[in-house]
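Remarks on the structure that follows.
The values are calculated or read from the model by the stated rules, or taken from the named source; none is laboratory data. Treat the numbers as computed from the prediction; the structure is a model and nothing was measured. No Cβ is skipped: glycine too gets one built from the backbone with ideal geometry, and neighbour counts run over all protein chains shown.
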Amino acid sequence: SIQVEDDRSGLGIETLRRAIADNLFYLQGKWPEIATLNDFYMALANTVRDRLMPRWLNTIRNYRRSEVRVVAYLSAEFLLGPHLGIKLINLGIEELVRQAVADSGLALEDLLAQEEEPGLGNGGLGRLAACYMESLATLEIPAIGYGIRYEFGIFDQELRDGWQVEVTDKWLQYGNPWEIPRPESAVMVRFGGRTEAYTDDEGAYRVRWIPARVVKGVPYDTPIVGYYVNTTNTLRLWRAEAAESFNFQAFNQGDYYGAVDQKIYSENLTKVLYPNDEPLQGKQLRLEQQYFFVSCALQDMIRLHRGAGGDLRQFHQKFAVQLNDTHPAVAVAELMRLLVDEHRLPWDAAWEVSQSTFGFTNHTLLPEALEKWPLPLFGSLLPRHLEIIYEINQRFLDQARVHFLGDSQKLAQLSLIDESGERYVRMAHLACVGSHAINGVAELHSELLKQTVLKDFYQLWPQKFQNKTNGVTPRRWLLLCNPRLSQLITEHIGTDWVCQLEQLRQLEAYAEDREFQRQWRQIKRAVKQDLADHIQQTLNIAINPDSLFDIQVKRIHEYKRQHLNVLHIITLYNRIRRNPDIDIVPRTFIFGGKAAPGYIMAKLMIKVITSVAEVVNNDPQVCDRIKVVFLPDYNVTNSQPVYPAADLSEQISTAGKEASGTGNMKFSLNGALTIGTLDGANVEIRQAVGAENFFLFGLTIEEVQQLQESGYNPWDYYNRTPDLKEAINLINSGFFSHGNRELFKPLVDSLVYDDPYLLLADYSAYIDCQDTVGQRFRETDTWTRMSILNSARMGYFSSDRAIREYCQDIWHVTPISVQLKP
Ligand code: 26Y
């Protein structure tokens with residue numbers, strides 16, 4: 001019989017091939033003969049997008065149903081990574097498409113490589129938001145992500161002479177097939193100006209805000225499809241535009257350029273993502289970004305709610321809004337403004353609604369990373385919100401005064417306004433007061449929150465505090481990035497693990513199985529070979545695929561201690577120089593990560609890594625036993641081949657500094673062993689995989705605190721640890737810097753005289769632990785067994801588990817399956 005398939009929905013190989021050709025012709029305007037690879041990528045992307053459309057539209061229909069509660073995830077960052085690969089997997093059409101593409105004379109891998117990833121985030125926090133969006137869809141939870149459509153995402157990193165150079169990320173330059181602009185749903189956002197009291201027609205006292213300028217927010221929607229489900233949620237990112245694309249008043253006065261200025265000024269708002277680890281002091285544009293997307297999001301939610309016939313007093317029953325760190329915390333004041341000023345709810349009713357609506361996730365303990373805005377800046381940009389914050393604060397402090405019996409120091413500590421010197425608005429305090437739930441991102445981190453930065457709030461409201469240990473999506477971080485290992489796993493335990501990661505535990509039965517171990521090793525060897533080939537081709541460095549791949553990939557930061565890793569490399573190097581015949585396990589040290597453009601010390605850390613690499617890689621004495629590689633431009637795309645190839649995962653932050661970490665989970669899931677401190681989620685990973693399958697070293701938080709209280713002196717460690725002294729002296733001597741003794745002086749001085757992250761205190765323990773790693777790596781079967789057990793026991797760290805917990809304990813939402821209606 002003849003099967004008639006629609007070119008826009010059919011999944012037959014021939015239909016797919018025809019659809020690609022059709023899109024190439026009608027959307028790209030190309031014949032195959034003159035099409036670029038990117039044209040083919042676009043044609044394929046549109047072919048996939050077509051097939052998402054029925055799922056997406058039917059999911060959106062559900063949002064409007066009055067009885068459906070929707071999660072709104074507010075985040076200034078969504079670090080999605082490339083769409084095409086994961087969408088093929090989640091739709092279950094990867095092999096069909098591979099064949100259809102092959103029938104067109106192309107390789108799917110080449111088309112996948114064309115995609116410019118949307119780098120709309122810095123690192124962990126943005127990537128977490130992306131994993132959570134994927135899990136929400138897979139778990140069939142109605143959800144919308146709200147954020148900013150930055151025209152330029154996180155900068156691209158190039159290395160010149162071993163230094164980081166930042167290059168603008170032009171991710172939109174060839175167009176973005178995954179988004180649909182919705183200009184009909186634009187909203188207006190106001191800034192500046194002043195407020196004015198008035199009496200309304202019912203004689204009630206009210207305030208109106210007379211803004212100085214208005215910006216239009218236009219939503220761009222991206223579909224996020226779940227794994228083998230119809231649910232396809234929306235990521236709605238907002239772009240700023242001039243409120244009037246043509247300023248007639250200015251034009252009539254002949255001021256054409258003034259009108260254009262206004263347009264440029266407005267569009268500046270969503271131009272660029274701010275890097276973390278940069279001081280934001282006085283960065284008015286950053287606060288504008290935050291308020292802009294938050295206001296857009298809340299207006300959008302209110303419209304949706306009222307459109308479905310909802311009463312604003314029940315807003316919290318329609319939406320559970322999660323604040324991803326304090327970046328969207330101004331939402332608390334904005335919702336109050338919308339409810340009280342614009343929709344005339346009484347204050348108390350509005351406050352009830354607001355508190356019931358918001359949940360707040362904190363991602364940091366570093367005091368310098370807590371957001372606060374100078375009061376004059378805040379007040380001039382958001383005059384009405386400042387008044388509202390004062391009102392919230394007054395009522396809050398009245399309540400706290402009763403609890404703390406007038407302890408004025410406590411009240412000053414709790415206040416939403418920091419008045420200890422120059423006055424600031426404390427965004428974390430606003431988020432805490434305005435939310436019904438506050439959570440950290442790993443057990444240890446959540447405990448420390450209660451004892452340190454949010455201690456006073458914990459005393460006031462212990463019941464608000466929760467832990468939600470982070471997780472990562474197994475679809476991207478195992479199935480997609482490591483197809484070989486995924487297949488081996490599936491051959492042994494079936495496919496259920498993809499959505500029930502705890503099923504990986506069944507692999508424990510094979511941990512001692514010689515044949516399984518052999519296959520496991522063979523796969524690790526093959527993915528290491530792939531990475532080695534890639535490094536050879538792109539960086540022209542030959543690495544040995546049988547060496548121990550020792551990998552540290554993450555943002556470059558002093559607290560993450562990439563330079564501790566460097567001290568280990570130099571220590572090994574010195575051993576070889578002292579005894580060229582020394583029998584050591586060959587290692588390949590791989591680094592990757594970006595430094596914030598203004599973070600001088602982090603940039604110097606990159607330079608020290610690349611400088612050590614240059615010397616060690618080219619020293620004939622080393623005989624290729626040590627290789628050091630810095631992978632430039634570490635991002636989601638470039639990370640995907642890295643996790644599967646690791647033997648050893650470096651998670652070596654100073655105890656108490658890393659809130660959770662999520663890279664640690666990706667490595668272990670892919671069978672790497674971890675060398676790590678008792679920090680963030682390392683603690684729980686170690687518990688899960690078993691202490692005997694984890695290389696632990698270093699001071700505990702308590703020991704760090706004790707040492708710092710008793711007066712830590714790194715200089716003593718330097719003097720009494722010969723290997724350490726030798727390593728540091730070698731850097732200092734100019735050995736790695738062509739004789740230049742000044743180059744690394746700031747780094748060395750910081751370590752020897754200050755060492756805020758206690759590298760020298762942890763050095764010996766780290767080296768000893770690394771020696772154990774080396775010995776263990778030689779016991780091939782033991783190592784393989786440990787590797788298998790790591791993967792087998794990582795089920796807990798799925799973002800599906802994390803999202804289920806958020807749904808149960810914070811959002812109170814339940815899954816709804818999406819029906820495909822014609
Ligand atoms: C203020 C602004 C420019 C800013 C932007 C981004 C400040 C911070 C950030 C990003 C923070 C971040 O990525 N934090 C990380 O969140 C992860 C997810 O919870 C944690 O695993 C990780 O430990 C934490 O450092």
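Residue-by-condition table, conditions (1) under 23 Å from residue 53 (Cβ atoms); (2) part of a loop (DSSP other than H, G, I, E, B); (3) among the small types (Gly, Ala, Ser):
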| residue | (1), (2), (3) |
| --- | --- |
| 117 | yes, yes, no |
| 129 | no, no, yes |
| 135 | yes, no, yes |
| 175 | yes, yes, yes |
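Does residue 790 fit the bill of being part of a helix (DSSP H, G or I) and either out of contact with any Asp or Glu (no Cβ under 6 Å at 6 or more places or on another chain) or modelled with pLDDT of 95 or more (or both)?
It is true that residue 790 is part of a helix (DSSP H, G or I) and either out of contact with any Asp or Glu (no Cβ under 6 Å at 6 or more places or on another chain) or modelled with pLDDT of 95 or more (or both).
Could you look through region 624-648, keep only residues that are in contact with an Asp or Glu (Cβ under 6 Å, 6 or more places away or on another chain) and among the hydrophobic types (A, V, I, L, M, F, W, C), and pick out the one that is farthest from the ligand (Cβ to nearest atom)?
648
Criterion first (within 16 Å of the ligand (Cβ to nearest atom), within 24 Å of residue 735 (Cβ to Cβ), in contact (Cβ under 8 Å) with a residue 24 or more places away in the chain and not β-branched (Val, Ile, Thr)) does residue 614 satisfy it?
Values: within 16 Å of the ligand (Cβ to nearest atom): no; within 24 Å of residue 735 (Cβ to Cβ): yes; in contact (Cβ under 8 Å) with a residue 24 or more places away in the chain: yes; not β-branched (Val, Ile, Thr): yes.
Spelling it out, it is not the case that residue 614 is within 16 Å of the ligand (Cβ to nearest atom), within 24 Å of residue 735 (Cβ to Cβ), in contact (Cβ under 8 Å) with a residue 24 or more places away in the chain and not β-branched (Val, Ile, Thr).
Of the numbered conditions (1) surrounded by fewer than 18 Cβ atoms within 10 Å (Cβ to Cβ); (2) hydroxyl-bearing (Ser, Thr, Tyr); (3) not in a helix (DSSP H, G or I), residue 737 satisfies every one except a single condition; which is it?
(1)
Under 17 Å from the mean Cα position of the chain (by Cα), in a loop (DSSP other than H, G, I, E, B) and crowded, with 24+ Cβ neighbours inside 10 Å: does that describe residue 671? Step through it out loud before you land on a result.
Values: under 17 Å from the mean Cα position of the chain (by Cα): no; in a loop (DSSP other than H, G, I, E, B): yes; crowded, with 24+ Cβ neighbours inside 10 Å: yes.
Considered against the rule, which asks whether it is under 17 Å from the mean Cα position of the chain (by Cα), in a loop (DSSP other than H, G, I, E, B) and crowded, with 24+ Cβ neighbours inside 10 Å, residue 671 comes out as no.
Could you check how many residues of region 581-596 are closer than 28 Å to residue 531 by Cα and assigned to a loop (DSSP other than H, G, I, E, B)?
9
So, of the residues in region 424-452 that are surrounded by fewer than 18 Cβ atoms within 10 Å (Cβ to Cβ) and touching a residue at least 60 places away in the same chain (Cβ under 8 Å), which turns out to be nearest to the ligand (Cβ to nearest atom)?
443
Quick one: in region 256-290, which of the residues that are among the hydrophobic types (A, V, I, L, M, F, W, C) and closer than 20 Å to residue 371 by Cα is farthest from the ligand (Cβ to nearest atom)?
Let us first name the residues in region 256-290 that are among the hydrophobic types (A, V, I, L, M, F, W, C), namely 259-260, 264, 269, 272-273, 280, 285, 287.
Restricting the remaining residues to those that are closer than 20 Å to residue 371 by Cα gives 269, 272-273, 280, 285, 287.
Working: 269: 15, 272: 12, 273: 9, 280: 6, 285: 11, 287: 10 Å.
Checking each candidate, the answer is 269.
Looking at region 285-341 only, could you name the residues that are without any contact (Cβ under 8 Å) to a residue 40 or more places away in the chain and among the small types (Gly, Ala, Ser)?
Correct list: empty.
Residue 575: free of Cβ contacts under 8 Å to residues at least 24 places away in the same chain and within 25 Å of residue 734 (Cα to Cα), yes or no?
On the way: free of Cβ contacts under 8 Å to residues at least 24 places away in the same chain: yes; within 25 Å of residue 734 (Cα to Cα): yes.
Here the answer is yes, as residue 575 does meet what is asked.
Return yes when residue 345 is under 25 Å from the mean Cα position of the chain (by Cα), among the hydrophobic types (A, V, I, L, M, F, W, C) and surrounded by fewer than 23 Cβ atoms within 10 Å (Cβ to Cβ) and no when it is not. Give the steps one after another, and end with the answer.
Numbers: under 25 Å from the mean Cα position of the chain (by Cα): no; among the hydrophobic types (A, V, I, L, M, F, W, C): yes; surrounded by fewer than 23 Cβ atoms within 10 Å (Cβ to Cβ): yes.
Taking the combined requirement at face value, the residue does not satisfy it.
Take region 364-413 and flag every residue that is without any contact (Cβ under 8 Å) to a residue 24 or more places away in the chain and within 16 Å of the ligand (Cβ to nearest atom).
368
Taking region 538-571, which residues are among the aliphatic types (A, V, I, L, M), part of a helix (DSSP H, G or I), within 19 Å of residue 769 (Cα to Cα) and touching a residue at least 60 places away in the same chain (Cβ under 8 Å)? So that I can check it myself, show each step before the final result.
Residues of region 538-571 that are among the aliphatic types (A, V, I, L, M), as a first pass: 539, 541-543, 548, 551, 553, 556, 564, 566-567, 569-570.
After this cut, where a residue has to be part of a helix (DSSP H, G or I) as well, the list is 539, 564, 566-567, 569-570.
Retained after the next criterion (residues that are within 19 Å of residue 769 (Cα to Cα)): 564, 566-567, 569-570.
Passing the criteria: 564, 567, 570.
Looking only at region 294-326, count every residue that is out of contact with any Ser or Thr (no Cβ under 8 Å at 6 or more places or on another chain) and within 16 Å of the ligand (Cβ to nearest atom) and tell me the total.
2
Among the residues of region 374-409, write down those that are among the charged types (D, E, K, R) and surrounded by fewer than 19 Cβ atoms within 10 Å (Cβ to Cβ). If you could, list the steps in order and put the result at the bottom.
Narrowing region 374-409 to residues among the charged types (D, E, K, R): 384, 387, 391, 395, 398, 401, 407.
Selection gives 387, 391, 395, 398, 401, 407.
Just the residues that are surrounded by 17 or more Cβ atoms within 10 Å (Cβ to Cβ), hydrophobic (A, V, I, L, M, F, W, C) and not in a loop (DSSP other than H, G, I, E, B), please, taken from region 257-280.
Answer for region 257-280, where residues must be surrounded by 17 or more Cβ atoms within 10 Å (Cβ to Cβ), hydrophobic (A, V, I, L, M, F, W, C) and not in a loop (DSSP other than H, G, I, E, B): 259, 269, 272.
Between a residue in region 118-137 that is among the basic types (Lys, Arg) and any residue that is within 14 Å of the ligand (Cβ to nearest atom), which pairs come within a Cβ distance under 6 Å, given they are 6 or more apart or on different chains?
127/79
Confirm whether residue 543 is of a type in the set (A, V, I, L, M, F, W, C), within 16 Å of the ligand (Cβ to nearest atom) and more than 19 Å from residue 738 (Cβ to Cβ). So that I can check it myself, show each step before the final result.
On the way: of a type in the set (A, V, I, L, M, F, W, C): yes; within 16 Å of the ligand (Cβ to nearest atom): no; more than 19 Å from residue 738 (Cβ to Cβ): yes.
Taking the combined requirement at face value, the residue does not satisfy it.
Residues checked against (1) within 29 Å of the chain's Cα centre (by Cα); (2) of a type in the set (Val, Ile, Thr); (3) within 30 Å of residue 133 (Cα to Cα):
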position: 175; (1), (2), (3): yes, no, yes
position: 180; (1), (2), (3): yes, yes, yes
position: 185; (1), (2), (3): yes, no, yes
position: 192; (1), (2), (3): no, no, no
position: 197; (1), (2), (3): no, no, no
position: 202; (1), (2), (3): no, no, no
position: 217; (1), (2), (3): yes, no, yes
position: 225; (1), (2), (3): yes, yes, yes
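Select from region 649-664 the residues that are in contact (Cβ under 8 Å) with a residue 24 or more places away in the chain and near the ligand (Cβ under 9 Å from one of its atoms) and list them in ascending order. Don't jump to the end; show me each part of the working.
Going residue by residue through region 649-664, those that are in contact (Cβ under 8 Å) with a residue 24 or more places away in the chain are 649-663.
653, 657, 658, 659, 660, 661, 662, 663, listed by residue number.
Taking region 119-145, which residues are in contact with a Lys or Arg (Cβ under 9 Å, 6 or more places away or on another chain) and either within 16 Å of the ligand (Cβ to nearest atom) or among the polar types (S, T, N, Q) (or both)?
Of everything in region 119-145, those that are in contact with a Lys or Arg (Cβ under 9 Å, 6 or more places away or on another chain) and either within 16 Å of the ligand (Cβ to nearest atom) or among the polar types (S, T, N, Q) (or both) turn out to be 120, 121, 122, 123, 124, 130, 131, 134, 135, 138, 145.
Among the residues of region 333-365, which ones are hydrophobic (A, V, I, L, M, F, W, C) and part of a helix (DSSP H, G or I)? Steps first, answer last, please.
Within region 333-365, the first condition is being hydrophobic (A, V, I, L, M, F, W, C), and the residues that meet it are 333, 335-336, 338-340, 345, 347, 349-351, 353, 358, 360, 365.
Result: 333, 335, 336, 338, 339, 340, 347, 349, 350, 351, 353.
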